[in-house]
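A quick write-up on the structure given underneath.
The values are calculated or read from the model by the stated rules, or taken from the named source; none is laboratory data. Please read these numbers as outputs of a predicted model, since none were measured by experiment. Virtual Cβ from ideal backbone geometry, glycine too; neighbours counted across all protein chains shown.
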Amino acid sequence: MSFTLSDYRKRMDGAIDSMRKEFAGLRTGRANAALLDGITVSAYGSEMPLNQVGSVSVPEPRMLTVSVWDKSMVGAVDKALRQSNLGINPVMDGQTLRIPMPPLTEERRKDLAKVAGAKSEAAKVAVRNVRRDAMNTLKRLEKDGEMSENEQKAHEKDVQTATDEFVKKIDDALAQKTEEIMQV
């Protein structure tokens with residue numbers, strides 16, 4: 001068994017991609033269809049993602065619409081939207097739900113910035129877990145005699161360098177998202 005840093009870098013990249021997807025769901029000043037990605041609807045006896053019961057669109061900068069495909073599901077979609085912690089208030093218009101995006105208050109912006117911070121911290125934990133796995137693999141390879149101690153130390157430095165690089169990427173993404181959220 002050999003050690004390949006690129007495998008661990010891919011896992012670290014996955015943590016950053018996941019964080020960026022979660023950041024897309026955080027509300028900024030304008031409407032974004034990704035805002036509704038995490039919402040599930042009780043439909044047909046199970047929980048389904050909102051995008052499987054209707055289509056989400058952004059007709060105006062401060063308006064989202066959800067066109068529900070099955071007329072009987074409009075009430076369930078409305079309920080799911082109201083129960084989400086997004087602070088939205090949908091308006092029914094036949095099989096379409098219009099969701100006006102109220103302007104964010106300073107307090108709500110600060111709360112969203114804290115949520116972004118928590119998501120970035122979770123991504124850092126994921127990156128550190130990948131680092132720990134890599135270090136454990138290196139120690140095991142050295143212990144089993146498949147790698148010299150010098151090779152192990154060199155690989156450990158590479159792993160730490162990669163970890164520092166990914167943590168910096170996470171910090172940069174957080175700073176950018178926080179600036180975007182706090183922008184009036």
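Kindly evaluate Ser2 against the criterion of being out of contact with any strand residue (DSSP E or B) (no Cβ under 6 Å at 6 or more places or on another chain), of a type outside the set (Phe, Trp, Tyr) and either more than 30 Å from Thr137 (Cα to Cα) or assigned to a helix (DSSP H, G or I) (or both). No: the conditions fail for Ser2.
Rundown of residues vs (1) basic (Lys, Arg); (2) more than 30 Å from Val41 (Cα to Cα); (3) touching a Phe, Trp or Tyr at 6+ places or on another chain (Cβ under 8 Å); (4) modelled with pLDDT of 95 or more, yes/no style:
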site	(1), (2), (3), (4)
Met92	no, no, no, no
Met101	no, no, no, no
Leu112	no, no, no, no
Leu141	no, yes, yes, no
Glu146	no, yes, no, no
Glu165	no, yes, no, yes
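Which one of the conditions (1) under 19 Å from Thr4 (Cβ atoms); (2) touching a residue at least 24 places away in the same chain (Cβ under 8 Å); (3) out of contact with any helix residue (DSSP H, G or I) (no Cβ under 8 Å at 6 or more places or on another chain) does Ala76 fail to meet, given that it meets all the rest? (1) is the only condition that Ala76 fails.
Residues that are of a type in the set (S, T, N, Q) and in contact with a Ser or Thr (Cβ under 6 Å, 6 or more places away or on another chain) within region 53-96 comprise Ser55, Ser57, Thr65, Ser67, Thr96, listed in sequence order.
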